[in-house]
Amino acid sequence: MPSNPGTPRLLRGINDRAALTLMLEHGPLSRSRLGELTGLSKPTASQLLSRLETAGLVRRSGSSVGRPGPKAQLYEINAEAAYVGGLDVTPARILAAVADLAGRTIGTFELRTPRRAGPDAVAHVLEALDGARADAGLEHAQLARLVIGTPGAFDPRTRRLRYARHLPGWHDADLLERLAEAVGTPLEVDNDVNLAAVAELHAGCAQGSPNFVLLWAEEGLGAAIVIDGVLHRGATGGAGEVGFLPLAETPLVRDVGRTNAGGFQELAGGKQVLELARRLGIRAGTPEAAVTKALATPGVGDEFLDTLAHRVALGLAAIVSVLDPELVILTGTVLLAGGDRLLEKLRDEFAALAVARPTIALSGVPEQPVLHGALHAALVRTRDDVFDTIQSTQAVSSTSGAP
């Protein structure tokens, strides 16, 4: 039965969620401290903690120390109440991780996926996920939700992957349905750069910045767009596919859907970074290695960095002129390899090309940002479900036949 506004059940549910959220933010809390933070009376706080402990959502975690008088019992989130999984998929490998309800990563696994004929995306996902679950010591049924990050985006209208022809085995028309059936748990698939932006919102440079652009540069270029704290995905999921952006100083690319490239990609993509390095006599096997060598090579290294900064700033100026964000975050192995030196050159070039003056900063989550974002996205949805004690109570009542 739906709860009416102001009913005791609704008020208890609101208080339960507030208490659980406070424990996530502050760690273990005593009854009196919880009362101070929520405004609840001591009897009401005691009833709340007893209710959440019975439901398996909180547990006792020792006693307070350092204060005069009797020690107070502390309560914390029961991290074992639910678990989530996250995957970061690239053509070469899948990174998988499992986290508990408190957000601690308890299992990881890396699956190499070398290119071969007829790759099975579903089999790869299951193998990577099983590896992370085994590392965490969990059974299959213990996972509450899985979020997967991939290049490109699944068009919500056709449910097929777009903008990522370089990811073999992920373009079947029924792939999402087969993945959901095989995984057997609530499943979401999102763009990898979007999930990197989720990580920045949660634990990086974008905390407190509701309007920002994240620019990703590795083999390919991509962006995430956050407006008023919400990711903007566009009609087909392709918002942020800035590699296709036509730009000056590069030949006009036509039939971009067939070539899977565009002006910005042809100017500052990974292949073009390596070509620039070779033209200047800098030998490197990867784009990020070329940037690293340029930093240590006076003369031609400076020319390389100046050219790269100009190319990236050119695309960034076009993006910012439309979106006018307060913050631009630079990430991906190419931009992070350049560090503060490339950052300063890029800021100078951007200032000469754009009227807007957003803050431009390097990523605050440089290590595995896509995986971090996938886990956090899964945790947000799972906590929303688990912390909803109103719905949980209704489900139990409906199952038992109680009024």
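The values are calculated or read from the model by the stated rules, or taken from the named source; none is laboratory data. Everything numeric here is computed off the predicted structure, so don't read it as measured data. Methodologically, a virtual Cβ is constructed for each residue, glycine included, from the backbone with ideal geometry; neighbour enumeration extends over all protein chains shown. Accessible surface is based on the protein model in full, side chains and every heavy atom, while ligands, DNA and RNA are left aside. Shrake-Rupley method; radii C 1.70, N 1.55, O 1.52, S 1.80 Å.
Within segment 141-168, the residues that satisfy the criterion of being in a loop (DSSP other than H, G, I, E, B), open to solvent by 10 Å² or more (accessible area, probe 1.4 Å) and in contact with a Ser or Thr (Cβ under 8 Å, 6 or more places away or on another chain) are 151, 156, 157.
Would it be correct to say that residue 98 is open to solvent by less than 20 Å² (accessible area, probe 1.4 Å), of a type in the set (Val, Ile, Thr) and over 23 Å from residue 174 (Cβ atoms)? Judged against the criteria, residue 98 is a match. When segment 201-214 is limited to residues that are touching a His at 6+ places or on another chain (Cβ under 9 Å) and not small (Gly, Ala, Ser), the one that is farthest from residue 376 (Cα to Cα) turns out to be 201. Of all the residues in segment 332-382, those that are in contact with a strand residue (DSSP E or B) (Cβ under 6 Å, 6 or more places away or on another chain) and among the polar types (S, T, N, Q) number 3. Working only within segment 123-140, note down all residues that are under 13 Å from residue 107 (Cβ atoms), in contact with a strand residue (DSSP E or B) (Cβ under 7 Å, 6 or more places away or on another chain) and either open to solvent by less than 70 Å² (accessible area, probe 1.4 Å) or free of Cβ contacts under 8 Å to residues at least 24 places away in the same chain (or both). Within segment 123-140, 128, 129, 131, 132, 133, 136, 138 meet the criteria.
For every residue, the table says whether it meets (1) touching a Gly at 6+ places or on another chain (Cβ under 8 Å); (2) in contact (Cβ under 8 Å) with a residue 12 or more places away in the chain; (3) farther than 22 Å from residue 324 by Cβ.
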{"residue": "226", "(1), (2), (3)": "no, yes, no"}
{"residue": "247", "(1), (2), (3)": "yes, yes, no"}
{"residue": "253", "(1), (2), (3)": "yes, yes, yes"}
{"residue": "261", "(1), (2), (3)": "yes, yes, yes"}
{"residue": "264", "(1), (2), (3)": "yes, yes, no"}
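Annotation: residue 171 fulfils all but one of (1) over 25 Å from residue 386 (Cα atoms); (2) open to solvent by less than 30 Å² (accessible area, probe 1.4 Å); the unmet one is (2).
Every residue, every condition in (1) modelled with pLDDT of 95 or more; (2) part of a strand (DSSP E or B); (3) among the polar types (S, T, N, Q); (4) more than 33 Å from the chain's Cα centre (by Cα), yes or no:
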{"position": "34", "(1), (2), (3), (4)": "yes, no, no, no"}
{"position": "65", "(1), (2), (3), (4)": "no, no, no, yes"}
{"position": "70", "(1), (2), (3), (4)": "no, no, no, yes"}
{"position": "88", "(1), (2), (3), (4)": "yes, yes, no, no"}
{"position": "94", "(1), (2), (3), (4)": "yes, yes, no, no"}
{"position": "102", "(1), (2), (3), (4)": "yes, no, no, no"}
{"position": "108", "(1), (2), (3), (4)": "yes, yes, yes, no"}
{"position": "111", "(1), (2), (3), (4)": "yes, yes, no, no"}
